[in-house]
Amino acid sequence: MRILVIGGVAGGMSAAARARRLDEHAEIIVFEKGRYVSFANCGLPYHVGGEIEQDSYLLLHSPESLKAELDLDVRIEHEVIGIDRDAQTVLVATPEGTETFEYDALVLSPGADAIVPPIPGVDLPEVTHLRTVDEARELAGRTANAKRAVVMGAGFIGLETAEAFRHRGLEVTLVELAPQVLPPLAPEMSALVEKELTSHGVDVRAGVAATGIRAGGDDAAVTVTLGDGTEVPADIVVMSVGVRPNTALAGEAGLELTDRGAIVVDEFQQTSDAHIWAAGDAIAVRHGVTGQVGPVPLAGPANRQGRRAADSIMGRSDKAQPVLGTAIVRTFGLTAATTGASPRMLDQAGIEYFVVHTHPANHAGYYPGSQVLHLMGVFSPEGKLLGAQAVGPDGADKRIDVLATALRAGFSADDIAELELAYAPPFGSAKDPVNMLGFLAQNVVNGTTKVWTVGELDWARDNALILDVRSEREYAMGHLPEAVNLPHTHIREYIEGVKQIAAGRPVRVLCASGVRSYYAHRVLAQHGLDSATLDGGMFTLVDAVPGLELATGAFQPA
């Protein structure tokens, strides 16, 4: 059997390596149009920033090492320029000319191409991307003489690139067309990341696009003009505004593509041609929560898809699972992670849900070094987990990995509440943040807790008594002007007074994180008041409502 693989890195090399482990006698040839067939593309920003000192550390394998270890015939600087499905051949442009190769099975792993916005100046030499080892090497070298950089796009790679430049001492402007950094996150979670960026000197320009780049200006190599009319000088401009599937070859061969150009594959990675499989950033996958179909350019799924393609070629029937989009990024001292569906994705898919936020310590509060972890869970009305997000200095990765596993297993709030997770004071709490998320959702589903959300703030201001149950000191430092202060420890003592002030209105309770307001809410509800606790408390409210005006000073009763 002859297996040809088009494209290396995650999907292609996983397919080739797996195929060899399953069949020692197959002839396996890998064509890679670039100079590097196996490199750690996720590590590129960390080389630019100097954390990975040598670019050689990014090179995982060479054609020689793959030949010695797996007996693979890897041909770099070989670009496949045509597929003849009837003849089962590919036409390859080699350094010596074109050559035709026959195949029994063909694996496509062409990856994705960086999106280049149609604006003047994108072809200037100061403008680049960060997709290859050569680009990372060049950028690392250019930082030595550069003073200012502009990063276009505040997704995962954009944030890592901005951080890398700051590590090198450059002034950095981060430009994002969406109204927030890290668009996959909920706005209140993204706000935490933006604060971390600005606290480390990154100039964040969200909700605006670049309209052009011109050479020179203000003692800089180039000047970037933004849609709001402002101009930003830079010595380096990195485009990180997204990618699109590289499927021109597949399209020319007549393989089925989605409306947006991704290769359609079945649950075994097989394309519309029985002799061709595909994996990686160029294919369409099904989202495990929304059911929507499209590319999800992540290294983990690409590796598994390549492995599955090889299994399928060898007659094995390992079916693909829908993708959850689990991802993580470090931004200076903060980690942001997500899995499953966000509220925005669920709105687009027309799926009902509710959201709960919690802000626990990452480990036992009495153990030194505990820090706040911001955790958000998205659940169906019946309590099934649909997605989760975490942001914090420590512990976000652990919790999202647990919740991604729970999501894959189809867990509900009840299941999450009962998860038995490792506990010792340096690592967690007896009630882990994951359990707390389950408890919160349980209480909403079974009616123990009635919550009000940030989206109901205007209604609450006009129609309810807003009761702030934080301490007098916390209240004095900043509170909603309409809020009446009554520390939660005095609720029972002044229950009749609350009834008088409410005067028949609903009572909407808040505190810092939602814990004390929950305690107060339970008391008020059991005394016959229409009460609800603010989901996530002031932590979530302040992050979700940019520019929210707060009053200061102690409460003065009428």
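The values are calculated or read from the model by the stated rules, or taken from the named source; none is laboratory data. Note that the structure is a prediction, hence the values are computed from the model and not measured. With ideal geometry, Cβ positions are generated from the backbone for all residues, glycine too; neighbour counts draw on all protein chains shown.
Listing for the model above:
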{"item": "Residue list for the stretch 374-394, filter: surrounded by fewer than 23 Cβ atoms within 10 Å (Cβ to Cβ) and either out of contact with any Ser or Thr (no Cβ under 9 Å at 6 or more places or on another chain) or not hydroxyl-bearing (S, T, Y) (or both)", "result": "P381, E382, G383, K384, P393, D394"}
{"item": "Selected residue (only one of V391, V356, V329, V378 is farther than 23 Å from L421 by Cα and assigned to a strand (DSSP E or B))", "result": "V329"}
{"item": "Of residues in the stretch 481-518 being buried (at least 17 other Cβ atoms within 10 Å of the Cβ) and either hydroxyl-bearing (S, T, Y) or not assigned by TED's automatic domain parsing to the domain that holds D458 (or both), the one farthest from L437 (Cα to Cα)", "result": "S517"}
{"item": "The lone exception for Y366 - which of (1) surrounded by fewer than 23 Cβ atoms within 10 Å (Cβ to Cβ); (2) within 19 Å of A186 (Cα to Cα) it fails", "result": "(2)"}
{"item": "Yes/no for S14 being in contact (Cβ under 8 Å) with a residue 40 or more places away in the chain, among the hydroxyl-bearing types (S, T, Y) and within 19 Å of R304 (Cβ to Cβ)", "result": "yes"}
{"item": "Restricting the stretch 221-246 to residues that are part of a loop (DSSP other than H, G, I, E, B) and under 24 Å from the mean Cα position of the chain (by Cα), the residue that is nearest to A136 (Cα to Cα)", "result": "S240"}
{"item": "Selection count where residues are aliphatic (A, V, I, L, M), touching a helix residue (DSSP H, G or I) at 6+ places or on another chain (Cβ under 8 Å) and under 11 Å from K450 (Cβ atoms), scope the stretch 506-528", "result": "3"}
{"item": "Matching option when the condition is surrounded by fewer than 23 Cβ atoms within 10 Å (Cβ to Cβ) and under 14 Å from T453 (Cβ atoms), among A544, A551", "result": "A544"}
{"item": "Among the candidates V222, V238, V232, residue that is under 24 Å from E135 (Cα atoms), touching a helix residue (DSSP H, G or I) at 6+ places or on another chain (Cβ under 8 Å) and surrounded by 20 or more Cβ atoms within 10 Å (Cβ to Cβ)", "result": "V238"}
{"item": "Lone qualifier among A441, A417, A406, A349 - being under 24 Å from E188 (Cβ atoms), surrounded by 15 or more Cβ atoms within 10 Å (Cβ to Cβ), small (G, A, S) and within 20 Å of the chain's Cα centre (by Cα)", "result": "A406"}
{"item": "Any hit, the stretch 33-49, residues being assigned to a strand (DSSP E or B) and modelled with pLDDT under 95", "result": "yes"}
{"item": "Conditions (1) acidic (D, E); (2) in contact with a helix residue (DSSP H, G or I) (Cβ under 7 Å, 6 or more places away or on another chain); (3) at pLDDT 95 or above; (4) within 30 Å of W277 (Cβ to Cβ): number failed by D414", "result": "(4)"}
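Yes/no matrix, rows are residues, columns are (1) of a type in the set (V, I, T); (2) within 26 Å of I283 (Cα to Cα); (3) surrounded by 19 or more Cβ atoms within 10 Å (Cβ to Cβ):
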{"position": "G121", "(1), (2), (3)": "no, no, no"}
{"position": "L124", "(1), (2), (3)": "no, no, no"}
{"position": "L130", "(1), (2), (3)": "no, yes, yes"}
{"position": "T143", "(1), (2), (3)": "yes, no, yes"}
{"position": "A146", "(1), (2), (3)": "no, no, yes"}
{"position": "V172", "(1), (2), (3)": "yes, no, yes"}
{"position": "Q180", "(1), (2), (3)": "no, no, yes"}
{"position": "P183", "(1), (2), (3)": "no, yes, no"}
